[in-house]
Structures are given as C-alpha cells and as structure tokens.
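As structure tokens, the structure follows; a few thoughts come after it.
The values are calculated or read from the model by the stated rules, or taken from the named source; none is laboratory data. Everything numeric in this text was worked out from a predicted model, so none of it was measured. Cβ atoms come from the backbone with ideal geometry, glycine included; neighbour counts cover every protein chain shown. What goes into the accessible areas is simple: the full protein's heavy atoms, side chains included, and nothing from ligands, DNA or RNA. Shrake-Rupley method; radii C 1.70, N 1.55, O 1.52, S 1.80 Å.
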Protein chains: 2
Amino acid sequence: MAGTKRLTQHDIAKLAGVSQATVSLVLNGAPTALARIPQETRERVQHVIRTTGYVADPIARRMAKGLNRILGVFTYEPAFPSAQADFFTPFLLGIEEEAQAQNYDLLLLTGAGVGRERKIFADGNRLRIADGCLVLGREFDREELKRLVTGDYPFVAIGRREDAGGPVPYVGGDYANATRALVEKAWALGHEKLAYVGPSGSAESVIDRWRGFAEAITAGAELVLHLDEVGGAADETLDAIVASGATAVFFVELADAVRVEAVARARGLSVPDDFSAIVLGSHVRAERSHMQFTAFDIPREEMGRQATAMLVRRIEGDAPVEQILLTCEPVEGQTLANKRT
Amino acid sequence: MAGTKRLTQHDIAKLAGVSQATVSLVLNGAPTALARIPQETRERVQHVIRTTGYVADPIARRMAKGLNRILGVFTYEPAFPSAQADFFTPFLLGIEEEAQAQNYDLLLLTGAGVGRERKIFADGNRLRIADGCLVLGREFDREELKRLVTGDYPFVAIGRREDAGGPVPYVGGDYANATRALVEKAWALGHEKLAYVGPSGSAESVIDRWRGFAEAITAGAELVLHLDEVGGAADETLDAIVASGATAVFFVELADAVRVEAVARARGLSVPDDFSAIVLGSHVRAERSHMQFTAFDIPREEMGRQATAMLVRRIEGDAPVEQILLTCEPVEGQTLANKRT
DNA sequence: ATTAGCTGCTAATACGCATTAGCAGTCAAG
DNA sequence: CTTGACTGCTAATGCGTATTAGCAGCTAAT
C-alpha cells in the first residue's frame, strides 16, 4: 500500500515547465482566464496530465472551494438492516437516481455509534463533509431539528415536519388528504360506523392521518372505536371491532390489518363481507400478504427524488424554504365493500 | 442559508484566550502533548467548544491528516434501482453493519454519469475522498482493476477476482466447492446423466461454478447437455433437456430454473419426478417462486461484513493482500430426487 | 516617445486543521 | 548563580487546490 506518492499539481507543473497555478487554470479556469493561456501551453499541460493519469484531490479542492458534490443521508435508524430495509430502500432508490442525475455522490451517515441512539450532531459532525444532507426516519429528534433549522447548513427532511424554530424544508406525502379520500369513499359506499386502529399523536405522519380522518368524519359518519395502542393482541382488537359494530376499520399499520384479518378468517369472519379494512399507506412487500388491502400509495421513490432535487437547489442556489406534499394515490384493493347494494 | 459563518478553531481560540494550536491539542492531542496543558486551560477550551457547538471540519482534518474514516462503495451498476436492488441490498446491509461497528461512514460512488457506463476513474476520481473503497458488481472492468491493483489506494473486491497485474484482495463465495458438493450429492442419489444450463466463461463467478461442476463430473457422471446461452426460450431449453435424457439439470440462474419448471409443469412433467433441478446459488426473493429449489446459499451479508473488515485492515494496518472465499452452505430444497429408491 | 492595452504567464494567499520546534518562565539541583 | 529540566503555551509550517493581483514583454496608437 505504501507506494508511489500521489501526484500533485506541482508535479505536473514541473513536468510541463509551468507553474502550479497554470495547471489549475488549464484544468478548470474561468473562460476569461483560459483565454489568456495559448493553445500550445494548454496542450502541453493536458498531455502531461493524460500521460501521468493525474487527478485532482477532491479534498483539497473542497478545501479551497468549499463544495464537493456530496450529499449526506442521515437516517435515524440503520438504513439497511433487515427490518428497516424495506422502509428505506425505496427512498434511497429515488435519492440515488436523482443524485446521479445531478452528479452528486452520497454519504451515508452511519458511524453514529453502535447500540447508542443515532444523533446528527453526535460525533465529529461528519455531516459537514457533505454539502448538505437529507434526513429521514419515522421520528425526528426535535432538538436536533431545531438546530438544523437555525443553523446555516442546507438540509431537507423526507416526510412532513412541524416548524422547529422556523419552517422545515421537506418533501412529504399528503397523508391527510389521502386518508380523507378513503374515508369519503367508505362513506360513499355506505359505511357509517367507522373504527380507527392506530395512534393519533407523536410523529407527524401519524398525526396527519388522524387529522385527515377526523376532518372527514365530521361529514356524517361516526367513529365507534378508536384503538390507540398498536401491536396489541389481534384477538382483542378483533373483539373490540366486532363489539363496536363498525363496518369499516381504518388501520395505520398494515401489519395490524394483516393480523386482524387472519384472526377474523380463523373465526369464520370474512373481510370485507363482515367488515371492511382500509390501510392508511402502502408498504413494500405488501404483496406477501395474499390479500390486497384497500389503501393509498406512498410515492417513496418520488419523494426521494424530489427531496434530493430540493436539497441541490438549496445548496447551489440558496433557495428559500420549500415544503412539498406529494399526492398519495388510492389503491383499489379488495377489502372495502359496498354496503349500498 | 447565508448566515452565521462556520466556527473555526481560531474563533474558539480567541474566545478561550488561547492559540489555535492549543485548541487543536485539547481536541485531539497526543497524551504526551496533552500532559503539558493544565486541567484548567483544557476545561476553559472545552467549555467554549461546548457552548458554541463547535465541530472540526472533517475536510480540513483530512487535508491535514490524510484520513477521514470514510469508506467508498463503488458499484458497477446503480446500487438501488429496482432490478438490481435485491442483488446489492444484502451486501450493503453487511457493509453498513460492519462500517458502523468500525466507526466509518460510507460514501456511495454514484455520480459517474448518467447513461454512460460507470467508471471508477471516470470523473475527478471522487474515490479519493474515501480512505479506501469496496468494489462490487457482476463484472469488473479489467483495466480499472489493474490500475487499482497497481496503485496505492486501498480497496477490496466483493467476489473472487483473477489476478490483474497482481493478486486482487477480495472476499468471495466458494462457488466451485459449493457446486461440486451439489454434483456429488446428485451422484450419490443416483443421477448419472447431468445437464448444465448456463455459461461457462466471462465473469469469475460463472467460471467458478463451471469449474466446480467440471471437476466433480469426472468422478463418473456424464454431462449429456450443456446449454451455454441463458435466457433462451424455456420451451427449447426443456426440449433439449428431455431429448438429452438428463436426470438432473444444473441451472446457473434461478430465473431459468423457474421458467423451465413452469413450462415443464404446463406440459404435464414434474420436477423432480421427471427430472431434478439444482440452482447454483441463492437469490433474494427466491421465496416468490412457490417451489423451493435445491441450491446453495450465498452468504451475501457476511461477504459484505468481511470485505469491510478487510478493507479497514488494509487502510489502518497496511495489511498484506488477503483472499477469502466463504463457504456456501447447501440448501436442501425439494427439487432433487433420489433415483436409488 | 510615451502611453495604453494586450498576452502569457507566476507569486502569493486563503481554506481549517494537525503537528513540530521552540520560547519564556519557574524551580530545583549542583 | 549557573545549569538543566520541566511547564505552559505559541509561531510557523504543510496539506493540495483555486483564485486574484500583478509582472514582464510586446504592439499599436497618440
């Protein structure tokens, strides 16, 4: 490994019989400056560069210029490990695509620490290696977010975020309207007694769903059951649903829907004949379940792409704070019955 | 975005009433040097650092020290886009895990260029930002590989690679022996006429499988059919298999096996009753196929982990070239029949 | 013949940090 | 009271590049 020293512009300069500054100018001088270097000299320098295979050290470049075409990606949970893999992958897909299109590389902020919880500002703030960063995760640390907002470091959140000492630039999914649309659809199909399985607080994504649900329900339908805690025994959840007389059940988590449906089937109940089930979101590998739930689609790749584009805008153009919510199209599915027929 | 200028050690120094050098020493001076700075001064500096939230610029750090705890990950194909996603993800999973354990961040080398083929040495060699890099992909550019081997930049390939101007450090899967084991198992179960569907050349991974197969077959079995081209019409492949009288067919690609089996079933033939099918490798989402093929397992995550560990060894310790082949355990499956009973 | 303007370059500096040599002061031993 | 060792720091330098100011030589215009 210890071997040939890395070539520098100085070496090239000596070989070409010019100064280091000239080499730098030949490589990437402004047109006005380049105009003052005759073709002949330029070719001499280029030739040396080509034959030696010299490439500028990006670190030094960044040192001098202040930018290095790297985007940081910070995830509050490890990006790949199995459980999460399906959650982050679609985002990363879009991010990588757009980063490539914009000619940026990606720095996955990983090291934050084994076992300990991940913090953006934890260690030597390796973040600053990147020109800006994307932040993703189900729940954000509000203190850190505040610090980001107040600071002068370009970043974009994936997923809507409440103001934190100022507006947060983000690209999110419009869960509220998507949820509302599903509620209204259920109402249109004759469902008047509704149940909601999932929390209504904490993370923005959860709040938005509940808000969309709550706003739509004032239109006439009735909320006959709201189970806040998730992941509880599917048995009990089903009991509660049956007891409530709900005809349509809205699940925040696909997993809950899957378990409840399984238990229902085991008891001889049928979805959607005995009650309809609607899932508020799409989940990768949903196809594993043999049942196609009525739901809405979260355009994760597109969110990644747009967030990346927004970040680049902020880095390069000093653009103002933007907040984008992407439409989540409904997914037909087979679990929402028509009560009117 | 335009806002407070980034803090530097100089600012801290002024605030604490010391020199920049002292700040640097307090932050990360060698014990011997630290011993010469009294507790009181150290605390004063630390206090300023804490209250201002200063963090050292990693770029400048790297500039001065030469290392920055970043590992590059170069993929010859885009890492996430759907088709490839399942191929790279398991590797990345292992890589991220180990990188985190070793406290390194990951730089995904992306930007190489839209549309054009990806080259390690393409652009401004952004590679050098990282302290070393992992290279993955089905097929490598041999010229580039040679340049890497000859150069003094630490790297590790994932997957076995032939010498390229010198031995290539890698962590791969032992496909040859895994293949041999499956052939011998088939032989032990009474299969004497074998078919091989898949290429025998080009990429190392393909060569190894064929080598393992060819070596095992000398033991007595007979190769009655070798279809080199893959992805051909499954119909014709099946015709050839049937005509050859082979009792066990080895597939390099799972996809081929799946298609052939489907066509066979459509014709009223059964795997493994009419002929056995063995797949030389494991594939993510293999579970999608309802048939569990007899195969061997490729420990992709472990490969990622070990490659990362090896790379860190090379970066930090100037370790010699290592070449590791991980054992690929056989997967029982239901497609290899016993002919002896 | 002076000036103005152009050409073809180079010297010098900044970027933020790590590191080394060494300075000024104190204190104890000889 | 000189020497040496030790303490508590700082000045200076280098890392490899980008960038700006400007120098020397020449030509053409006044």
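Computed quantities for the displayed model
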quantity	calculated
Charge-dipole axis of the stretch B:175-298 as Lys and Arg at +1 and Asp and Glu at -1 on Cβ define it, positive-most pick from B:294, B:186, B:279	B:294
Selected from B:42, B:314, B:69 as most flexible by GNM, with chain B as the system and alpha-carbon contacts under 10 Å	B:42
For residue A:151, inter-copy label distances in nm, listed shortest first [label point 7 Å out on the Cα-Cβ vector]	3.1
Accessible surface, per residue, of the protein assembly as shown when the full set of protein chains is kept, probe 1.4 Å, Å²	44 Å²
For residue B:63, solvent-accessible area (1.4 Å; no DNA, RNA or ligand), Å²	100 Å²
Size of charge dipole - the protein assembly as shown - debye, nearest 20, with Cβ of Lys, Arg +1 and Asp, Glu -1, no other charges	2860 debye
Shortest-first distances to equivalent copies, position residue A:292, nm, label 7 Å out along Cβ	2.8
Nearest-first distances (nm) between copies at residue A:41, label 7 Å from Cα via Cβ	4.8
For the stretch B:9-56, size of Cβ-based charge dipole, Lys and Arg +1, Asp and Glu -1, in debye	20 debye
Principal-axis tilt of helix A:82-101 within chain A, Cα atoms, nearest 10 degrees	40 degrees
Projected area, mean over directions - the protein assembly as shown, Cα convex hull, nm²	38.9 nm²
Protection proxy ranking of B:166-175, A:192-201 - average other beta-carbon atoms within 10 Å, highest first	B:166-175, A:192-201
Exercise: per-residue mean of other protein chain Cβ atoms within 10 Å, A:59-71	4
Accessible area (Å², 1.4 Å probe, nearest 10) - residue B:32	110 Å²
Calculated [θ] (222 nm, deg cm²/dmol) that DSSP helices of n ≥ 4 give over the protein assembly as shown, each run adding -39,500 (n - 2.57)	-13000 deg cm²/dmol
In degrees, nearest ten, helix A:254-266 long axis to first principal axis of chain A (Cα)	30 degrees
Whole-number percent relative contact order across chain A, with pairs defined as alpha carbons under 8 Å at least 6 apart	18 percent
Taking only Cα atoms of the stretch A:9-56, radius of gyration then Dmax in Å	9.6, 27
Fraction of antiparallel bridges per DSSP, the stretch A:175-298 only, in percent to nearest 5	0 percent
Solvent accessible area, Å² - residue A:273, 1.4 Å probe, full protein context	130 Å²
Shielding by other protein chains, B:95-107, mean Cβ within 10 Å	6
Nearest 10 degrees, 0 to 90: helix A:175-188 Cα axis against chain A principal axis	30 degrees
Average projected area [Cα convex hull, chain A], square nanometres	23.3 nm²
Counting DSSP beta bridges with both ends in the protein assembly as shown, the antiparallel % (nearest 5)	10 percent
Charge-dipole axis of the protein assembly as shown as Lys and Arg at +1 and Asp and Glu at -1 on Cβ define it, positive-most pick from A:93, B:10, A:218	B:10
At 1.567 mPa s and 4 °C, Stokes D of the stretch A:175-298 from Kirkwood alpha-carbon radius, µm² per second	91 µm²/s
